[in-house]
Amino acid sequence: MGTHHYAASVLTAILTVTITATPTTAAPAEPQASAQHHGIRITRIAFDPPGNDLPVTNAKLNGEWIRITNHFHSARKITGWKVRDASGHVYKFGTLKLGAGKSVRLHTGRGTNTKADRYWRLDNYVWNNSGDTAVLKNAAGTVVDRCTYNGAGSATSC
């Protein structure tokens, strides 16, 4: 065996031992799973309501929304959580417990808050028709999920 083959064999053996000897860490208290299956995640953004954007009306503003879904098997509080767009618009959830498998839609305009629908109470659009990024942060400020779209269509699934 030549020097190069011997060195490669030793390196392979060292890497194999290093890789197999790496300790595993304990599972986190909250599963860090994909957006499609687990956690509290952004699941859809309706960014371009039907019709012309102008004049801006409350009905058109409320046709623009972001849906957040609880994929856990138990209810979770999202009190103090925030939604932000790329331009810096921020919405902070008041007291809200999201049931297992339930969703809440955050509308841009005005309305009466319920468990299923919340209202940003803004006078202009948040989600850009040409593309934007939504970021969901928990009450501690940790990014939980994000969804970026390129403006194709009028809504996007995340």
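The values are calculated or read from the model by the stated rules, or taken from the named source; none is laboratory data. Fair warning: this is a prediction, and the values are worked out from it, not measured in the lab. Here the Cβ positions follow ideal geometry from the backbone for every residue, glycine too, while neighbour counts run over all protein chains shown.
From the list ALA139, ALA134, exactly one residue is under 17 Å from the mean Cα position of the chain (by Cα) and surrounded by 19 or more Cβ atoms within 10 Å (Cβ to Cβ). Which is it? Result of the check over ALA139, ALA134: ALA134.
Could you name every one of the strands (runs of 3 or more DSSP E) located completely within segment 109-158 that has at least 3 residues being within 21 Å of VAL56 (Cα to Cα)? Before you say what the answer is, go through the steps one by one.
Details: elements: 117-119, 132-137, 143-149, 155-157.
Filter on segment 109-158 gives 117-119.
Filtered by the rule that a residue be touching a residue at least 60 places away in the same chain (Cβ under 8 Å) and more than 20 Å from CYS158 (Cα to Cα), segment 78-99 gives a lone residue, THR79. Within segment 101-112, the set of residues being without any contact (Cβ under 8 Å) to a residue 40 or more places away in the chain and within 17 Å of the chain's Cα centre (by Cα) comprises GLY101, LYS102, VAL104.
Part of a loop (DSSP other than H, G, I, E, B), touching a strand residue (DSSP E or B) at 6+ places or on another chain (Cβ under 7 Å) and modelled with pLDDT under 95: is that true of ALA35 in this structure? When the stated conditions are applied, ALA35 passes them. Does segment 52-72 contain at least one residue that is at pLDDT 95 or above, farther than 23 Å from ASN128 by Cβ and loosely packed, with under 14 Cβ neighbours inside 10 Å? No.
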